[in-house]
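Participant: Here's a structure for you.
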Amino acid sequence: MLVKTKAIVISSLKFQEKSLIVKCFTLSNGLKSYFVRDAFSSRKASQKMVYFQPLTIIEIEAVHKNKGTLENFKEVKISAPFHSIHSDIFKSTMVLFLSEILHHSIHEEEKNESLFTFLETALHWLDEHDEISNFHLILMLETTKYLGFYPDTSDMDMPFFEMTEGVFTPFHAISSLSEHETMLFKKLIHLKFDNDQKIFHVIERQLLLKVLIDYYSFHLDGFKRPKSLEVLKEVFS
């Protein structure tokens, strides 16, 4: 079946010497993997690679056989070029980290238009703004709405957040955050991209990042700690 759709590049993996396997989150079909033959062998190789940088938003025309095998692109172009994400060390590091998070979080080959629209809008916001210190934290938390484990905020006056059930409770359990961690987590829940990015200190931000990674680990089978986590901490320290 010939499909035309927008897609967000989640990962690209070199295959043998000349080819690529590109995983995309598509607007039309959810997660799809594509085989790009001779990606490194033509004179336009560098131009091709621009399409497949982490979280690049592309428009594709592709043949979907839907047999559980790798699909093939017929045409690829940039949907709306980013102006700063891939040239700014802070943004590019953040995007690399978030692409790993999404790689280990999105598994369904089914349409999820609301998640796609959220990610597309968020990435354009990142590209257009300079104060971005909390962007990755907000995006990780907001993404849980679309993955099915956003915290239950009905009892937010309670002092502890219990991770496995995703609820606020009056008692501290083994899988609960401390009172201090819960207080920071509540602040994050109220935060939007356009809020003051200096609301957290560096140490608080790193603590929240650990909390979110642990939260993902509780709720997603096979979730792995991103390899780029240490690089992210170094760049934002």
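The values are calculated or read from the model by the stated rules, or taken from the named source; none is laboratory data. Computed from a predicted model, the values in this text were never measured in an experiment. Here Cβ is always computed from backbone atoms with ideal geometry, including for glycine, and neighbour counts include all displayed protein chains. These area figures cover heavy atoms from the full protein model, side chains too; ligands, DNA and RNA do not enter into them. Shrake-Rupley method; radii C 1.70, N 1.55, O 1.52, S 1.80 Å.
Participant: Over all Cα pairs of region 118-159, how is the pair count split among 5 Å bins, expressed in % and running from 0 up to the last occupied bin?
Facilitator: Reading upward from the zero bin: 5, 19, 23, 19, 15, 10, 6, 1.
Participant: Would you kindly state how much longer the chain becomes between Phe223 and Phe118 on full extension, computed as 0.36 nm times their sequence separation minus their alpha carbon distance, in nm to one decimal?
Facilitator: 35.7 nm
Participant: Between Ser178, Ser114, Ser154, which gets the highest mean-square fluctuation from a Gaussian network model of the chain, Cα cutoff 10 Å?
Facilitator: Residue with maximal mean-square fluctuation among Ser178, Ser114, Ser154: Ser154.
Participant: For q values of 0.14, 0.16 Å⁻¹, compute log₁₀ I(q)/I(0) with the Debye formula on a Cα-only model of the chain, without solvent.
Facilitator: Log-scaled intensity ratios, in q order: -0.93, -1.16.
Participant: For region 84-149, what class follows from the C-alpha gyration tensor (a ≥ b ≥ c being the square roots of its eigenvalues): rounded when a/c is under 1.5, otherwise prolate if a/b is larger than b/c, else oblate? Please list the in-between numbers first.
Facilitator: Working: a/c = 1.92, a/b = 1.80, b/c = 1.07.
Prolate.
Participant: Continuing with the same structure: Report, in degrees rounded to the nearest 10, the 0 to 90 angle that the Cα long axis of helix 135-147 makes with the longest principal axis of the chain.
Facilitator: Approximately 80 degrees, to the nearest ten.
Participant: OK, next. R0 = 22 Å: FRET efficiency of Glu110 with Glu59, Cβ-based, nearest 0.05?
Facilitator: 0.60
Participant: Also, quick follow-up: Considering every Cα-Cα pair within region 135-237, what fraction, in whole percent, is farther apart than 17 Å?
Facilitator: Tail fraction, whole percent: 52.
Participant: Something else now. Please report the net charge: other residues with Cβ closer than 12 Å to the Cβ of Asn66, K and R +1, D and E -1.
Facilitator: Values: positive: Lys32, Lys65, Lys67; negative: Glu71, Glu109, Glu110.
Counting the neighbours of Asn66, the net charge comes to 0.
Participant: Under a Cβ-Cβ cut-off of 13 Å, what is the net charge of the residues other than His219 that fall near it, where Lys and Arg count +1 and Asp and Glu count -1?
Facilitator: -4
Participant: Given R₀ = 41 Å, FRET efficiency for Thr153-Asn66 by Cβ-Cβ distance, to 0.05?
Facilitator: It comes to 0.60.
Participant: How big is D for region 1-111, in µm² s⁻¹ as a whole number, if Stokes-Einstein is applied with the Kirkwood radius of its Cα pairs at 10 °C and 1.306 mPa s?
Facilitator: Translational D for this selection: 111 µm²/s.
Participant: Would you please give the FRET efficiency between Glu131 and His172, computed as 1/(1 + (r/R0)^6) with r the Cβ-Cβ distance and R0 = 35 Å, to the nearest 0.05?
Facilitator: 0.50
Participant: Right, another one. How many nm is it between the label spots at Asn195 and Lys210, if each spot is 7 Å from the Cα in line with the beta carbon?
Facilitator: For the pair Asn195/Lys210, the computed spacing is 2.2 nm.
Participant: Further question: Any chance you could run the full-extension gain for Glu234 through Glu75? It's 0.36 nm times the residue separation minus the Cα-Cα distance, nm to one decimal. Working shown, then result.
Facilitator: Numbers: separation 159, 0.36 × 159 = 57.24 nm, distance 3.77 nm.
Gain in length upon complete extension: 53.5 nm.
Participant: Keeping every protein chain present and rolling a 1.4 Å probe, give me the accessible area per residue for region 45-157 in Å².
Facilitator: Working: 5300 Å² over 113 residues.
On a per-residue basis, 47 Å².
Participant: Probe radius 1.4 Å, ligands and nucleic acids ignored: give me the carbon and sulfur share of the accessible area of the chain as a rounded percent.
Facilitator: 52
Participant: With respect to the cross-link table entries Lys6/Lys224; Lys192/Lys227; Lys32/Lys192; Lys32/Lys227; Lys4/Lys32; Lys4/Lys65, which display a Cα-Cα separation exceeding 20 Å?
Facilitator: As for pairs spanning more than 20 Å Cα to Cα, those are Lys6/Lys224; Lys192/Lys227; Lys32/Lys192; Lys32/Lys227.
Participant: What's the angle, to the nearest 10 degrees (0 to 90), between helix 179-190's Cα axis and the longest principal axis of the chain?
Facilitator: Once rounded, the angle reads 50 degrees.
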